[in-house]
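Where a number appears in this text, it was derived from the coordinates with a stated rule and is not lab data. In this text the structure is predicted, and so the values were computed from the model without any measurement. Cβ placement follows ideal geometry from the backbone for every residue including glycine, while neighbour counts extend to all protein chains displayed.
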Amino acid sequence: MARVNRKNLGDTILESPKATIIFGVVTVLFGLLFAFVLTGNTAPVSRNEALAYEGEFEKYRDGRNWSTIYFTDGTEHALYPHTLGQNVIDRLKALPRGTKLYLLVNPNTEYVAEIRTDQTEILNFEATQKEIDDYQIGYTIIGVVVALGGVFLIVYGCVSRKHEKKKIEKKSKKNIARKTPLRPAKECRARILLEAPKGEYNICYRRVGRVNELIINGEVWDEYVAAIEFEHCLSAVVDGNKIEAGHSEDNYSYISFNGHWIKEKKRWI
């Protein structure tokens, strides 16, 4: 079976420790920006701290991400569009022009928190502030999760860089495939990555704990020890045949026989 190179953007980034670290740093910065800068301060304020406005109603207009009240004197006041109930929107749209409105605005968000007329309350001060704060907290949580993902990428990149150095050191030496088995394969709980029969050989590539093993006819011929799996190749020469199994640079598990892939599987984890 011929080896096919199938890389996506994620593979391209992850195969380069430097690119992984840079992408991780960018992700952390983006997450922190999203969590703590773009969301701003949405903390509720008391009535004494709120900014009071009053005027005659001109019109109400809204769009996908904005809602605004206009007064007849030309001033306008923004409402937080994502927490306005349909009942409030309908009442604002039905207000007669010239109706006297009394507004309280949260100075932290600069959004209207309360709307009253001489007869009734249209928007409640406490409830509105809580809804805005709760909604923005959701964005903060998303930003923190994104930042943590970036931290993971940075750690992964650092570990990967260390692995790359070890791999270069190994390549500088002559890596001769094993011609004798290490030990009998134990029956134990293991994750079977690939299995493939080839003639008189039963080949198994599995992971037991932190160890990846190449098993041929019930014997372990080569192993790879690592908490996190990176690109590696386990190899053995049995009766003059070179048998290999491992994790390729384009994120595939594979088994090869005399240089030809006989089985492969895309790795997601």
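How would the stretch 183-266 be classified by its alpha-carbon gyration tensor: rounded, prolate or oblate, with rounded meaning a/c under 1.5 and the a/b versus b/c comparison settling the rest?
oblate
Just in the stretch 46-122: which chymotrypsin sites (Phe, Trp or Tyr not before Pro) are loop by DSSP and have at most 14 other Cβ atoms within 10 Å?
Trp66
Once both labels are modelled 7 Å past Cα along the beta-carbon direction, what's the Val211-Glu56 spacing in nm?
8.8 nm
Rounded to whole Å and sorted largest first, list the principal axis extents of the Cα atoms in the chain.
96, 33, 33
Can you sort Glu114, Glu131, Glu213, Glu126 so the residue with the fewest Cβ neighbours within 10 Å comes first?
Listed from fewest to most nearby Cβ atoms, that is Glu126, Glu131, Glu114, Glu213.
Using the count of nearby Cβ atoms within 10 Å as a rough guide to exposure, how do Glu56, Glu229 rank from fewest to most?
Glu56, Glu229
With labels modelled as points extended 7 Å from the Cα through the Cβ direction, what inter-label distance (nm, one decimal) is found for Val155 paired with Arg183?
2.9 nm
Could you give the length gained on full extension between Thr75 and Glu49, defined as 0.36 nm per residue of separation minus the Cα-Cα distance, in nm?
Gain on stretching Thr75 to Glu49: 7.3 nm.
Which angle between 0 and 90 degrees, to the nearest 10, do you get for helix 17-32 versus the longest principal axis of the chain when only C-alpha atoms count?
The angle comes out at about 20 degrees.
With 10 angstrom as the radius, rank Cys158, Cys188, Cys204, Cys233 by how many other C-beta atoms surround their C-beta, starting from the fewest.
Taking fewest neighbouring Cβ atoms as first place, the list is Cys188, Cys158, Cys233, Cys204.
Set the Förster radius R0 to 30 Å, insert the Cβ-Cβ distance between Glu110 and Val145 as r into 1/(1 + (r/R0)^6), and round the FRET efficiency to 0.05.
0.65
List the longest stretch of the chain that has no exposed loop site; here a site is one of the trypsin sites (Lys or Arg not before Pro) assigned by DSSP to anything other than H, G, I, E or B, with at most 13 other Cβ within 10 Å.
In the chain, the maximal stretch lacking such sites is 98-172.
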